[in-house]
Amino acid sequence: MPVNREPATAISISGLGHQFNGQQVLNDIELRIPAGTTLALLGPSGCGKSTLLKLLAGLLQPSQGEIHFGARLMAGGRTCVPPEQRDIGMVFQDYALWPHMSVAQNVDFPLHMRGVGQAERRIRVKAALARVGLSDFAGRKPSELSGGQQQRVALARAIVAEPRVLLFDEPLSNLDRDLRESLCRDMAQLLGQLGTTAVYVTHDRAEAHLLARHIAFMSQGHIVDLTTV
Ligand SMILES: Nc1ncnc2c1ncn2[C@@H]1O[C@H](COP(=O)(O)OP(=O)(O)OP(=O)(O)O)[C@@H](O)[C@H]1O
Ligand SMILES: [Mg+2]
């Protein structure tokens, strides 16, 4: 897998809506995220942030509207490209690491799934762990790490295959405030270096401002404001 094989991809969302059991929880979402930039989704609990992220990931199929990554239709009409074919990396609030695998094996997993050769995998895992400051932890199990370290492993796993799009769902909200702030700064720096297009869900305005060029404010399934900083 060559490095930086394509320019970063813009995300276009038009007329996007979603219903759960007949109840409309997302309405007429219109967004365009320029290539290589980060958009933060900010809003109160239940407003639809995670639902929008899951639609981008392909974990849910939209009830209305379309999602494009670059020129490619990811979801809309009868099309719904499955998550493993979207070239995305995800980081969740609860880390979602494999407990029986070492740190290195967790980070290697996306490369293994993509059929990357062993020699290249070793180089990439090492580089990803170095990027998140965990070079000395490759052989540990997730249970032998702090919460902040576990989230760094999840971050390394999300970036190791150099996906076109990174999706974050409140990745720092389980951590205490000081740690949150320092990890947030590290992530902002990393996102700047990678130049990947990213969507970052958070409750925290300060986090959104540190990390994102564009901030979409959501309320009750709608985007009510969109700012670029
Ligand atoms: N699988 C589901 N089945 C039915 N309703 C759901 C499902 N998932 C989410 N919802 C509902 O959809 C709405 C939006 O939920 P969502 O998880 O997107 O909110 P959120 O903005 O991410 O909230 P939080 O900040 O608490 O994570 C809520 O009313 C929620 O109850
Ligand atoms: Mg959520």
>> Under the 0.36 nm per residue contour assumption, what length would be gained going from the current alpha-carbon distance of residue 84 and residue 63 to full extension?
In response: 5.5 nm
> How high is the relative contact order of the chain, in percent, with contacts defined as C-alpha pairs under 8 Å that are six or more residues apart?
Replying inline: 30
> Which residue, 24, 150, 61, tops the fluctuation ranking in a GNM of the chain built on C-alpha contacts under 10 Å?
Replying inline: 24
>> Looking at the chain, identify the longest residue range that excludes and avoids all trypsin sites (Lys or Arg not before Pro) in DSSP loops having at most 10 other Cβ atoms within 10 Å.
In response: 79-229
>> Whole angstrom only: what separates the Cα centroid of the stretch 55-70 from the Cα centroid of the stretch 212-229?
In response: 18
>> At 1.4 Å probe size, put 223, 11 in order of accessible surface, largest to smallest.
In response: 223, 11
> Rounded to whole Å and sorted largest first, what semi-axes of the equivalent ellipsoid does the C-alpha gyration tensor of the stretch 94-162 yield via the square root of 5 times each eigenvalue?
Replying inline: 18, 12, 10
> What do you reckon, how do 84, 66 stack up by accessible area (1.4 Å probe), largest on top?
Replying inline: 84, 66
> Does the stretch 1-105 come out rounded, prolate or oblate, given a ≥ b ≥ c as the square roots of the eigenvalues of its C-alpha gyration tensor, rounded meaning a/c under 1.5 and, failing that, prolate meaning a/b above b/c?
Replying inline: oblate
>> Run the simple label-point estimate for residue 174 and residue 127 please: 7 Å along Cα→C-beta, distance reported in nm.
In response: 2.9
>> What does the charge count around residue 182 come to, taking other residues whose C-beta lies under 13 Å from its C-beta (Lys +1, Arg +1, Asp -1, Glu -1)?
In response: -1
> Classify the chain: rounded, prolate or oblate, from the alpha-carbon gyration tensor (a ≥ b ≥ c, eigenvalue square roots; a/c under 1.5 rounded; otherwise prolate if a/b is larger than b/c)?
Replying inline: prolate
> Using a Gaussian network model of the chain with C-alpha springs under 10 Å, which one of 89, 133, 17 is most mobile by mean-square fluctuation?
Replying inline: 133
> Given a 1.4 Å probe and every protein chain left where it sits, what share in percent of the accessible area of the chain is carbon and sulfur?
Replying inline: 49
> Under a straight-distance cross-link criterion of Cα-Cα below 17 Å, which lysines are reachable from residue 126, leaving out those fewer than 8 residues away in the same chain?
Replying inline: 141
>> Considering only C-alpha atoms, what is the centroid distance from the stretch 22-42 to the stretch 107-184, in Å?
In response: 25
>> I want the antiparallel fraction of DSSP beta bridges within the chain, as a percent rounded to 5.
In response: 55
>> Please compute the modelled spin-label separation between residue 209 and residue 113, points set 7 Å along Cα→Cβ, answer in nm with one decimal.
In response: 3.6
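The values are calculated or read from the model by the stated rules, or taken from the named source; none is laboratory data. Not measured: the values here are computed from a predicted model. Don't worry about glycine lacking a Cβ; one is built from the backbone with ideal geometry, like all the others, and counts go over all protein chains shown. Surface accessibility is based on the protein's heavy atoms, side chains included, excluding ligands, DNA and RNA. Shrake-Rupley method; radii C 1.70, N 1.55, O 1.52, S 1.80 Å.
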